[in-house]
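A.B. asks: Got a structure for you, questions after.
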Amino acid sequence: MKPLHMKISFLILFSFLLTTTYSYSQQGNVEINQDKHITVLLDLKKKMNKNETSYERYKIQVYSGNRSGAYNAQKEFSSSFGDWYPSMQYETPNFKIWAGNFRTRLEADRALKRIKRKFPNAFIFKPKKK
């Protein structure tokens, strides 16, 4: 009696899984309609971005202190925030960790809000011209 009961249970389970698999599957086609001038605008934007220098953009300073602390902060930042690449700078007598390359203050403020949860002493600045 038991093997028959298990076979029936297995058959019911199998038919249920088969039914739900086929009932939830969907097919569709995606058609993208875009203006032909978008590619021209994107190329223009790329050219404009190449002309900007790094001192015209905003950065976020995450750490300032000794070398070992800077390496640790850089490693921690990289593991926590993959969106922005942290770079190490040396300004006598401190090593500094800078992140981001934000065009507007608004972009930098949004990023700072996220970064401050992990690095409460972080702040926004614009690098000086060299």
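A.B. asks: Kindly check whether there is at least one residue in the stretch 64-72 that is in contact (Cβ under 8 Å) with a residue 12 or more places away in the chain and either touching a helix residue (DSSP H, G or I) at 6+ places or on another chain (Cβ under 7 Å) or surrounded by fewer than 10 Cβ atoms within 10 Å (Cβ to Cβ) (or both).
C.D. replies: No, the stretch 64-72 contains no residue that is in contact (Cβ under 8 Å) with a residue 12 or more places away in the chain and either touching a helix residue (DSSP H, G or I) at 6+ places or on another chain (Cβ under 7 Å) or surrounded by fewer than 10 Cβ atoms within 10 Å (Cβ to Cβ) (or both).
A.B. asks: Limited to the stretch 109-130, what total is found for residues that are over 19 Å from the mean Cα position of the chain (by Cα) and in a loop (DSSP other than H, G, I, E, B)?
C.D. replies: Looking only at that region, the number is 7.
A.B. asks: Still on this structure: Go through the residues of the stretch 85-92 one by one and say whether even a single one is without any contact (Cβ under 8 Å) to a residue 12 or more places away in the chain and not hydroxyl-bearing (Ser, Thr, Tyr).
C.D. replies: Checked against the condition, which is being without any contact (Cβ under 8 Å) to a residue 12 or more places away in the chain and not hydroxyl-bearing (Ser, Thr, Tyr), the stretch 85-92 yields at least one hit.
A.B. asks: Moving on to the next point. I want to confirm something. Restricting to the stretch 30-67 and keeping residues that are touching a Phe, Trp or Tyr at 6+ places or on another chain (Cβ under 9 Å) and either farther than 26 Å from Arg117 by Cα or not charged (D, E, K, R) (or both), which single residue is modelled with the lowest pLDDT?
C.D. replies: Tyr58
A.B. asks: Count, please, the residues in the stretch 86-107 that happen to be touching a strand residue (DSSP E or B) at 6+ places or on another chain (Cβ under 7 Å) and not basic (Lys, Arg).
C.D. replies: The qualifying residues number 12.
A.B. asks: Being closer than 10 Å to Gln61 by Cα and part of a loop (DSSP other than H, G, I, E, B), is that true of even one residue in the stretch 80-96?
C.D. replies: Scanning the stretch 80-96, I find no residue that is closer than 10 Å to Gln61 by Cα and part of a loop (DSSP other than H, G, I, E, B), so the answer is no.
The values are calculated or read from the model by the stated rules, or taken from the named source; none is laboratory data. All values derive from a computational prediction rather than experimental measurement. Every residue, glycine among them, receives a Cβ derived from its backbone with ideal geometry; neighbour counts consider all protein chains shown.
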